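Trainee: Shown below is the structure under consideration.
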Amino acid sequence: MFYAYAILLCLLNAGWLGLVFFYLPGNWLIVLTTGALAWWQRDMSMISVWTVGVMAALALVGEIIEFLAGMGGAKKAGAGWKASMAAMAGALVGAVLGTVLIPIPFAGTLLGACLGAGLVTWRLEKTGGKDKDQSLKSGVGAGVGVFIGTVSKIAVGIILWLIAAIAAFF
């Protein structure tokens, strides 16, 4: 049964990892699933509490990186505080619309998020009185920041999956 649980954990966590591409809390589901198995099969000592704790800390780091990269990309490009915060809302709306309107798995969601963040930031900066070039620069910065944040969060998810898989089998 030991190997059956380990294989099931890896398959479930792979599914949760796929959710990260759609801006859903896949990394946290990886942590929760691994923690649930660690608790449920504690007599088998499959996964330690320390492993789950490290995974939770990494998931939190992934969230912080995603948030700061998206907001920081706009801010670094010269956007104001409101436009930087609005970039996050634009990324969420863009991700949903990109998933529906751009039927390329994963790429549509990511492209939609980047475009959503960029367009919202550009529009807010433009209506806020900044010139065309500066508002465009802020929009591009927001889009690039969202891309970097999302890719970083996916990388953290892959690391979480690997940690869980290694801990389950070894």
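Each reported figure results from applying straightforward, stated rules to the coordinates on display, with no laboratory input. Keep in mind that what you see is a predicted model, and the values were worked out from it rather than measured. All Cβ positions, even for glycine, are placed from backbone atoms using ideal geometry, and neighbour counts span all protein chains on display.
Trainee: Restricting to the range 100-121, name every residue that is closer than 21 Å to residue 15 by Cα, surrounded by fewer than 19 Cβ atoms within 10 Å (Cβ to Cβ) and not aromatic (Phe, Trp, Tyr).
Mentor: The answer is 100, 103, 104, 105, 107.
Trainee: If we keep just the residues of the range 1-54 that are within 19 Å of the chain's Cα centre (by Cα) and of a type in the set (S, T, N, Q), which is surrounded by the fewest Cβ atoms within 10 Å (Cβ to Cβ)?
Mentor: Out of the qualifying residues, it is 33.
Trainee: Continuing with the same structure: Taking the range 17-58, which residues are hydrophobic (A, V, I, L, M, F, W, C), part of a helix (DSSP H, G or I) and over 14 Å from residue 167 (Cβ atoms)?
Mentor: 17, 19, 20, 28, 29, 32, 40, 57
Trainee: Mind listing whichever residues of the range 89-113 are without any contact (Cβ under 8 Å) to a residue 40 or more places away in the chain and under 21 Å from residue 130 (Cα atoms)?
Mentor: 89
Trainee: Can you find a residue in the range 76-85 that is buried (at least 20 other Cβ atoms within 10 Å of the Cβ) and out of contact with any Lys or Arg (no Cβ under 8 Å at 6 or more places or on another chain)? I'd like the intermediate steps shown before the answer.
Mentor: Filtering the range 76-85 down to residues buried (at least 20 other Cβ atoms within 10 Å of the Cβ) leaves 77, 79, 83-84.
Next cut, out of contact with any Lys or Arg (no Cβ under 8 Å at 6 or more places or on another chain) only: 79, 83.
Yes, some residue in the range 76-85 is buried (at least 20 other Cβ atoms within 10 Å of the Cβ) and out of contact with any Lys or Arg (no Cβ under 8 Å at 6 or more places or on another chain).
Trainee: Further question: Of all residues being more than 16 Å from residue 85 (Cα to Cα) and buried (at least 17 other Cβ atoms within 10 Å of the Cβ) in the range 123-136, which is nearest to the chain's Cα centre (by Cα)? Just the residue, please.
Mentor: First, pick out the residues of the range 123-136 that are more than 16 Å from residue 85 (Cα to Cα): 129-134, 136.
From the residues that got through so far, the ones that are buried (at least 17 other Cβ atoms within 10 Å of the Cβ) too are 130, 136.
Working: 130: 30, 136: 25 Å.
The selected residue is 136.
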